[in-house]
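These notes are about the structure you will find just below.
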Amino acid sequence: MDGMAIADPRPSLMVTNDDGIDAPGLRFLVDLLVAADRYRVLVCAPDSDQSGVGHGITWRRPLSAKRVEIMGATAFAVSGTPADCASLGISGKLFVGTIPDLVISGINIGSNCGYHIVYSGTVAGAREAFLYGVPALAISYNWKEGKSNVHALRLAADACLPLINAVLNELKIKTYPEGSFLNIIVPTDVANHRGFKITKQGKFMIRFGWEQTKTSTPAVETYQTANMDVDSASGFGNNASSSLVEDELLFKRVIIKKNSVEAEEDTDHRAMEEGYITITPLGALSRTEMEAVPYFKGWLMRLGDHSPCSSL
């Protein structure tokens, strides 16, 4: 009718990440979604690098949300974690009255696979949306020093577009399962990837230790160091420190062990190293190690044997 606004019939996609709202991975993805002209594109992402913060949330202070100009999108930079951004973005308070049909977290610099999923702010952004009933995808790219460049992030966004459209189609016809969200990893040589592969979370982990240092270096945002390899891009590296004071000790993280490629088939890290775009359905609950349950049942029955009174 004349004088009345016509509702946008396109599905609403909200993009977040942990590398920060200025990160090229997020910007390339948003540009691609806007150019497709098939979606209403919303962005709610951290105003600074939040790599490696896991599923942390902000309790003790209000969050700031500032408008950011991204052509074709409605975007806000938020002074919080990826989980904060996902929660605020799907609340209907920031994008007034709009609950996104799908949340996409990424594209992250560095692969979020194996045990590193626990640390990942990118995965947490998708998980937070999933916890509140909004379908979600986490996307990361396996950056490797000497082999990767920023253009690969654009290729990664393009390679994932069929997955995004497939999920939206399933949502439209109401056949998409509600019990999981998807963690997607794009291999280093994205231009020659071997296709998509459904995988399971493996046990890959880069193990870190500590070394004492005498220098205090400022934090470096991952997307500003495009020559970094996966190890430093994962967000575990340089942490900001205040100036030295008397008796202050400084420590830095160092790699002490890298896992080799996992022997078990169909794990996320192995399939990624083999050149596949991996798709791992994840839930929000920690998996129970069923083989340990009989032992702990017996252990519980023996608790009385260790009571202080039993020695009297």
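Can you tell me how many residues in the stretch 28-60 are open to solvent by 60 Å² or more (accessible area, probe 1.4 Å), of a type outside the set (A, V, I, L, M, F, W, C) and out of contact with any Gly (no Cβ under 9 Å at 6 or more places or on another chain)?
Result for the stretch 28-60: 3.
Just checking, does the stretch 132-147 include any residue being part of a loop (DSSP other than H, G, I, E, B) and crowded, with 24+ Cβ neighbours inside 10 Å? Show your work before the answer.
So the first thing to find is which residues in the stretch 132-147 are part of a loop (DSSP other than H, G, I, E, B), and the list is 132-135, 142-147.
Going one step further and asking which of them are crowded, with 24+ Cβ neighbours inside 10 Å, we end up with 142-143.
Looking through the stretch 132-147, at least one residue is part of a loop (DSSP other than H, G, I, E, B) and crowded, with 24+ Cβ neighbours inside 10 Å.
Can you find a residue in the stretch 46-67 that is aromatic (Phe, Trp, Tyr), modelled with pLDDT of 95 or more and more than 19 Å from VAL123 (Cβ to Cβ)?
Step one: list which residues in the stretch 46-67 are aromatic (Phe, Trp, Tyr), which gives 59.
Among the residues that remain, those that are also modelled with pLDDT of 95 or more are: none.
No, because not a single residue in the stretch 46-67 is aromatic (Phe, Trp, Tyr), modelled with pLDDT of 95 or more and more than 19 Å from VAL123 (Cβ to Cβ).
Yes/no per residue for (1) modelled with pLDDT under 85; (2) open to solvent by 70 Å² or more (accessible area, probe 1.4 Å):
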{"residue": "ILE173", "(1), (2)": "no, yes"}
{"residue": "ASN183", "(1), (2)": "no, no"}
{"residue": "VAL190", "(1), (2)": "no, no"}
{"residue": "GLY237", "(1), (2)": "yes, no"}
{"residue": "THR267", "(1), (2)": "no, no"}
{"residue": "MET272", "(1), (2)": "no, no"}
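Which residue, of LEU88, LEU94, is surrounded by fewer than 20 Cβ atoms within 10 Å (Cβ to Cβ), touching a Cys at 6+ places or on another chain (Cβ under 8 Å) and at negative phi? Spell out the reasoning first.
Values: LEU88 fails: surrounded by fewer than 20 Cβ atoms within 10 Å (Cβ to Cβ).
Just one listed residue meets the conditions, LEU94.
Which one of these does LEU168 not meet: (1) at pLDDT 95 or above; (2) open to solvent by less than 50 Å² (accessible area, probe 1.4 Å); (3) closer than 22 Å to GLY275 by Cα?
Result: LEU168 passes all but (3).
The values are calculated or read from the model by the stated rules, or taken from the named source; none is laboratory data. Note that the coordinates shown come from a computational prediction; the quantities given were computed from them, not determined experimentally. Note that each Cβ is placed from the backbone with ideal geometry, even for glycine, and that neighbours are counted across all protein chains shown. Just so you know, the surface numbers come from the protein's heavy atoms only, side chains and all, with ligands and any DNA or RNA stripped out. Shrake-Rupley method; radii C 1.70, N 1.55, O 1.52, S 1.80 Å.
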